[in-house]
Amino acid sequence: MRRILLALTVFPAVLAWACTLPPPPGTLVPPRVEVLEGEARAVRYGRSAAEVLRAPALAESARALFGANWSAAGAGGRGVSGPAPEFFARAAGAPRVLRVGGVDWIGVAGCRTGACTTHAGVLLVRGDGAVLLARLDDGGFSHYYAFGTGLVATPEVRVLIDAAWRALGGPPPSR
């Protein structure tokens, strides 16, 4: 009986200790993302991902963001399976204002018509419109994009995009 009682008290203590360990050095920790509800700025560029991509203030930047993947599948098999705007053809929720690390972003998700579980995307536009970030999920492969002065899709940027997408409702469950 004592062994059972000892096991019942030691086991939860070990679990509590294990759950409070910091991540190993070098592990990227997702940033805290706040969804700012009721923000009129959320629809500044449009009411869906497709509208945001076509917004006059962002259209040129959006084309630059996706590069060769904007209008056709990537050359030589190095891109996505279809044009980037197709990944936003069907809205996966309304645009929302997100605060990540003190910076406001307009975030919007979408998916390919008839293939939402395998072909989806998220687009983030910094509040001033000068920086765009995106992720396209293409049948099991995730492609990350960054547009802005000196900006590239580093691991830190990828973690930010993923955290924002989770705050918007998350990527498709098949991932």
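Summary of values
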{"item": "Of all residues in segment 137-166 being closer than 17 Å to GLY110 by Cβ and touching a helix residue (DSSP H, G or I) at 6+ places or on another chain (Cβ under 9 Å), the one that is surrounded by the fewest Cβ atoms within 10 Å (Cβ to Cβ)", "result": "SER142"}
{"item": "The listed residue being free of Cβ contacts under 8 Å to residues at least 24 places away in the same chain and either under 17 Å from the mean Cα position of the chain (by Cα) or farther than 18 Å from VAL33 by Cα (or both), out of THR117, THR149", "result": "THR149"}
{"item": "Answer residue from segment 46-89, given it is modelled with pLDDT under 95 and among the hydroxyl-bearing types (Ser, Thr, Tyr) and is surrounded by the fewest Cβ atoms within 10 Å (Cβ to Cβ) among those", "result": "SER71"}
{"item": "In segment 79-100, the residues that are within 15 Å of the chain's Cα centre (by Cα) and over 17 Å from LEU53 (Cα atoms)", "result": "LEU98, ARG99, VAL100"}
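The values are calculated or read from the model by the stated rules, or taken from the named source; none is laboratory data. Being a predicted model, the structure only gives us computed values, none of them experimental. For neighbour counting, all protein chains shown are included, and Cβ atoms are generated from backbone atoms with ideal geometry for every residue, glycine included.
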